[in-house]
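Since the structure comes first, as structure tokens, the remarks are kept for the end.
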Amino acid sequence: MTSKHADDDTPLLDLIFCLLMFFVLMWVVQLSKQQDDTIKDANVLMHAAFMIHVTWPLELNDDVDIFLEDPLGNLIYYKQKKSGLMHVDRDDLGHSSGTEVITDEGELISLDSHSEIITISKAIDGLYIFNLFMYSKRAEEPTEVTVQMIQLSPHKIVMQRVITLTHHAQEVNVAGFEVLDGRVIEITEETKVFVAQREVETPF
């Protein structure tokens, strides 16, 4: 025979069970969202077509910037960090940017050089034009800037050059590169000036 107290407890147990299932479901949904966000962040680099990496000596407190124009006329630089399928991932301002960074895993690492990074998430057929600009020249000695253009899949260094910058507001053409079917087929000496005079009057 079932007791009266057991019957009275049944609705309460049902309510507790439903609440428990609700909180478990909410936890699963939140965990799934966090995993999706992590995958999306990782895919930014995994799915990128090219990366342009520019470095210069850590002891020189200079601010070197990249100007990159795609075949459609989209332009990215320090004032326009995302345009079309291109994105500025790191804009190094010199010593004010610090000499240490925190990785995605939370590890603090020391940099051995100043570094600017641009990624092209999907390459468009046609001509890209790539310039360097000395936004602020603080060191007295010339600045040797190492430029790498890297194809990410499969990994390949498409171009590597060393460009010497000597003075404030100097703009130098690095290269033009012709893309066809997602691959660089030609490095050219195509030149173009991006910086207007009113933009180069920058503080030291």
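Values in this text are rule-based calculations from the coordinates and carry no lab data. Just so we're clear, the structure is a prediction, and the values are computed from it rather than from any experiment. Cβ placement follows ideal geometry from the backbone for every residue including glycine, while neighbour counts extend to all protein chains displayed.
Using 0.36 nm per residue of separation minus the Cα-Cα distance, give me the extension gain between T191 and H168 in nm, one decimal.
Details: separation 23, 0.36 × 23 = 8.28 nm, distance 1.98 nm.
Once the chain is fully extended between T191 and H168, it gains 6.3 nm.
Between E178 and E59, what is 0.36 nm times their sequence separation minus the Cα-Cα distance? Round to one decimal in nm.
Details: separation 119, 0.36 × 119 = 42.84 nm, distance 3.47 nm.
That works out to 39.4 nm of additional length.
Relative to the present Cα-Cα distance, how much length would full extension add between D125 and L72 at 0.36 nm per residue of separation?
Working: separation 53, 0.36 × 53 = 19.08 nm, distance 0.94 nm.
Residue separation times 0.36 nm, minus the Cα-Cα distance, leaves 18.1 nm.
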Sorting D91, D125, D181, D62 on the 10 Å Cβ count, fewest up front, what's the list? D181, D125, D91, D62
Arrange the following residues from fewest to most other Cβ atoms within 10 Å of their Cβ: E140, E59. E140, E59
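If we count other beta carbons within 10 Å of each Cβ, what is the order of T146, T164, T55, fewest first?
Numbers: T146 15, T164 10, T55 19.
Ordered by Cβ neighbours within 10 Å, fewest first: T164, T146, T55.
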